[in-house]
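Working notes for the structure below.
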Amino acid sequence: MNNRRSYRIAAGVLLALFCVISFNACEKDDICVDGNTPLMIMTFYDQADSSTLKSVNNLRIIGLGKTQVVNTFADRGDVDSIGLPLQSNTSETRFIMIMDSADENEMETGNRDTITLSYDTQEVFISRACGFVANYQDLDAAITTDTDNWIQDILIEQSSVTNQTSTHVKVYH
């Protein structure tokens, strides 16, 4: 009887010791919570009244040279603010922005404008679990001029993209 009791106590102590060691082996940075590269926030304003937000009707955005639409907002939605992913492996990202996008006879219709966003990429170490994220510095924007631009002007509000809590680029239309 005494041997069984000693065995149970020893087994209990070993189990408790194992649990303590297991929980202490996990470090705070073993779980990634804040490890996402921020989106660039673009907000749309009325060209006639530059302080008034103005939605873009049926907006569709496609990365230049890509076949899929940007999926960080509702495709063909009426939006006044969007988040766009920038490419971290190049110094610029180009988008085709289509206002009044629709499908007619299996053809994309609407007014297309192409914008180019250029920047310097800076990798920032977050933690062991998250690794590195990309931040963007010296953001600049340009529109390709055509005969029917719906985008009238682009203004850089913040030239550093380190979070996605405020507007980086204002677009007037």
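The numbers here are math on the coordinates, done by the rules we state, and not lab data. For clarity, every value in this text was computed on a predicted model and none was experimentally measured. Here Cβ is always computed from backbone atoms with ideal geometry, including for glycine, and neighbour counts include all displayed protein chains.
Annotations for the structure displayed:
- Ascending count of other beta-carbon atoms within 10 Å, so fewest first, for Tyr45, Tyr172, Tyr136: Tyr172, Tyr45, Tyr136
- Cα gyration tensor shape for segment 118-173, rounded if a/c is under 1.5, else prolate or oblate: prolate
- For segment 40-172, the alpha carbon convex hull comes to 118 Å³ per residue, rounded to a whole number.
- Per-pair calculated FRET efficiency, R0 = 25 Å: Arg128 and Asp78 via Cβ, rounded to 0.05: 0.05
- Maximal additional length on extending the Asn36-Thr116 stretch stands at 26.5 nm, based on 0.36 nm per residue less the C-alpha distance.
- Here the dipole of segment 40-172 is about 520 debye; that uses its Cα centre as origin and unit charges on the Cβ of Lys and Arg (positive) and Asp and Glu (negative).
- A crude spin-label estimate for the pair Ser91 and Asn71, with each label 7 Å from Cα along the Cβ direction, gives 3.1 nm.
- Taking θ as phi - 60° and the Karplus parameters 6.51, -1.76 and 1.60, the scalar couplings of segment 41-47 work out to 8, 10, 10, 9, 10, 6, 4 Hz in sequence order, x denoting glycine and proline.
- Amide H contacts under 5 Å for Asn57, placed H, 5+ residues apart: Asp100
- Calculated from backbone phi, Karplus (6.51, -1.76, 1.60) coupling profile of segment 86-98 in Hz, x at Gly/Pro: 9, 6, 8, 9, 9, 9, 7, 10, 10, 10, 9, 10, 10
- Multiplying the residue separation of Thr144 and Gln47 by 0.36 nm and removing their Cα-Cα distance gives an extension gain of 33.1 nm.
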